[in-house]
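What follows is a single structure, written as structure tokens, with notes after it.
The values are calculated or read from the model by the stated rules, or taken from the named source; none is laboratory data. No experiment lies behind these values; they were computed from the predicted model shown. Neighbour counts are summed over all protein chains in view; Cβ atoms, including those assigned to glycine, are modelled from backbone coordinates with ideal geometry.
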Amino acid sequence: MTYAQPFTILAILAISAGSIYAYNIKTPEERIIESIRIQNKAIEEANSAKVDSYRSILDKCQKTATGTSREILEKLDACKDLQKPELQMIISYNGSIERVSEGNNNIGKADAPQASLPSSNKTVSLECEFWYIGRIEWIEYHYTATDDETTLQAIKNSHISKGMEHIGYHYVIKKDWEITETRSEKCVAWADKWSKNNYRFIQIAFVWDDKPTKEQTESILNLTKDIQKRYKLSIDSVSAHSEWWPKSKKESLDYWFWSKSEFIKMIRQKYLISIYWKESPELTYMWEAWWDTDFIGTIFAESRMNNWSVWDGGNSIGYCQIHKWYQPGWYNEYLNLKTMAERLNYCHELYSYSASLKGWVWSRFHGYLSKDKHIENITIK
């Protein structure tokens, strides 16, 4: 018995090892797939290094594009002639090994921040002629000047006929609100072909030859807010093609949305504003009407945005604390106002008038001196 125990233990270990070995044995197909995975990882790393090097060279070339519009264009054309690197082919496996060439189009598939859009239809290839240098500062809107059934392919063909390589806009919005990303946000737009604006703008176009439909307007507003938040742009960082190219008179925010200020107001309505994590009708109204956090902070300091707030022994009343003895005319006029909007409008008129008199805002609106600590607690999202 004493001699049998070591053999028993060895047998158990051999069986266990054999089980483990058998468990880790891979089929021929699994070994092929594992080999392909390793090869593809190496290919992707090599391709990525080539693309990064190409981008660096292209960026340096583009930074030299200065001078007159003609000189800039000539220098950019020279950059365009830089030879793109040859990328290795990715291997796919579906029962038999076949190589699938991605070609040079990989260079155009930029990792742009993705928008949370009403539509996720992004079917058009996102090729680039040039990569962005600098910072996105504006959003510019266009229309396609075509009927509402125009396809993306037709737009692409039209732009190619004008000397572009692909669709010149970053986004195209169809008549039924559907948004399609037609050019990576990291690619220079080509909608303003002769302008430096291409390097600073995200370009959006809607398919139509007149004013955008209600559905398109909703998509324009949602997309605008999304871009502004991701690039930390101000809410008034919007323009139409006519502002930079006067010949395009119908491509105007004034024509499409009554006025540019009205369009900006429509954008503001897409944002939610709170102060000390609380929302209120007064706060929303002031934000949409004037987009002035200084005024909002002042009114909050004056009355906590409460029309029934009373101070100084009952002599100061209302949103902006008008004093019965110091401003009797204003006091009586304020008492006759019936709605929240009328009262806030009146306070804003007094605020604007006081601001026009150098150094007088703080003497009329005492809350102006402490507005900053309240402004710090305003949240816009």
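At a glance:
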quantity: Residues located in the stretch 356-376, provided they are in a loop (DSSP other than H, G, I, E, B) and either farther than 30 Å from Lys229 by Cβ or outside the structural domain of Ile317 (by TED's automatic domain parsing) (or both); calculated: Leu357, Lys358, Gly359, Trp360, Phe365
quantity: Residue within the stretch 154-170 that is farther than 21 Å from Val238 by Cα and in contact (Cβ under 8 Å) with a residue 60 or more places away in the chain present; calculated: no
quantity: Criterion violated by Ile220 - all others in (1) surrounded by fewer than 23 Cβ atoms within 10 Å (Cβ to Cβ); (2) under 24 Å from Trp258 (Cβ atoms) satisfied; calculated: (1)
quantity: Residue in the stretch 302-323 that is on the phi > 0 side of the Ramachandran plot and aliphatic (A, V, I, L, M) present; calculated: yes
quantity: Search result, residues across the stretch 175-189 that are surrounded by 22 or more Cβ atoms within 10 Å (Cβ to Cβ) and without any contact (Cβ under 8 Å) to a residue 60 or more places away in the chain; calculated: Thr182, Arg183, Ala189
quantity: Residue selected from the stretch 143-153 under the condition of a type in the set (Asp, Glu) and under 24 Å from Ser239 (Cα atoms), by the criterion surrounded by the most Cβ atoms within 10 Å (Cβ to Cβ); calculated: Asp148
quantity: Given (1) outside any helix (DSSP H, G or I); (2) surrounded by fewer than 16 Cβ atoms within 10 Å (Cβ to Cβ); (3) free of Cβ contacts under 8 Å to residues at least 24 places away in the same chain, index of the condition Ser352 fails; calculated: (1)
quantity: Residue satisfying condition, being more than 30 Å from Glu342 (Cα to Cα), touching a residue at least 40 places away in the same chain (Cβ under 8 Å) and of a type outside the set (Gly, Ala, Ser), within set Tyr285, Tyr255, Tyr231, Tyr271; calculated: Tyr231
quantity: Test: residue in the stretch 223-242 that is more than 21 Å from the chain's Cα centre (by Cα), assigned by TED's automatic domain parsing to the domain that holds Ile179 and not aliphatic (A, V, I, L, M); calculated: yes
